[in-house]
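Quick note: the coordinates plus some simple rules give every number you see, no bench work behind them. Computed from a prediction, not measured in an experiment: that's the story for all the values here. FYI the Cβ positions are ideal-geometry reconstructions off the backbone, even for glycines, and counts take in every protein chain you see.
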Amino acid sequence: MSFTESNMLPLGSEAPPFVLPDTVSGDTIRLQDIAGEKATVVMFLCNHCPYVVHVNSEIVRLANDYNTQGVSFVGISSNDVDNYPQDGPELMKLHAEKEKYPFPYLYDESQNVARAYDAACTPDFYVFDKDLRLTYRGRLDDSRPNSGTPLTGKDLRDALDAMLSGNAVSEKQYPSGGCNIKWKR
């Protein structure tokens, strides 16, 4: 697993639409179905990446803290499950239940959604405003596995707080970093 940083999709980009299966409910979910009244957070995750494992508790806290404020969250896994079966849909469902994800955990089998978002790593975070325009992309915070830096979600929380208070999100944004998305060969 090589350390990879976000590609940093340009701010102001429109959220690429998607229609993907939710591994937990079994429903097919469209971006429009889960778009938040005030903001939508799209997260590229997977089950086994140590960087995602490290942030799971904080993304659950974040989603629980903000989903009552008009912010919706969605997790998407785009990894090649032929070569990384631990990221398959059945195990995604078990993982989401174990972690108590309060958001849909979608499976991007074709990897087309990851490509549309220019996602590069797990975790990778994107925040879209009520009009589904990108206002933030990058890291959760500056904590990394075994760094000794506590998880706070500060960067993502600052972006959401700015949006919810009607202020501009700072354009000083840092890429996320983690395992590269496991692309099909």
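Observations, loosely collected:
- All strands (runs of 3 or more DSSP E) inside the stretch 17-69 with 2 or more residues being of a type in the set (A, V, I, L, M) and within 19 Å of LYS130 (Cα to Cα): 39-44
- Against the conditions (1) surrounded by 13 or more Cβ atoms within 10 Å (Cβ to Cβ); (2) under 20 Å from LYS172 (Cα atoms), ILE29 satisfies every one except (2).
- Matching residues, the stretch 153-185, being surrounded by fewer than 15 Cβ atoms within 10 Å (Cβ to Cβ) and among the polar types (S, T, N, Q): SER165, ASN167, SER170
- Residues of the stretch 70-87 satisfying the condition of being in contact (Cβ under 8 Å) with a residue 60 or more places away in the chain and either out of contact with any Leu (no Cβ under 7 Å at 6 or more places or on another chain) or assigned to a helix (DSSP H, G or I) (or both): GLY70, SER78, ASN79, ASP80, ASP82, ASN83, TYR84, ASP87
- Any hit, the stretch 67-89, residues being more than 20 Å from GLY177 (Cα to Cα), of a type in the set (Ser, Thr, Tyr) and either surrounded by fewer than 20 Cβ atoms within 10 Å (Cβ to Cβ) or more than 16 Å from the chain's Cα centre (by Cα) (or both): yes
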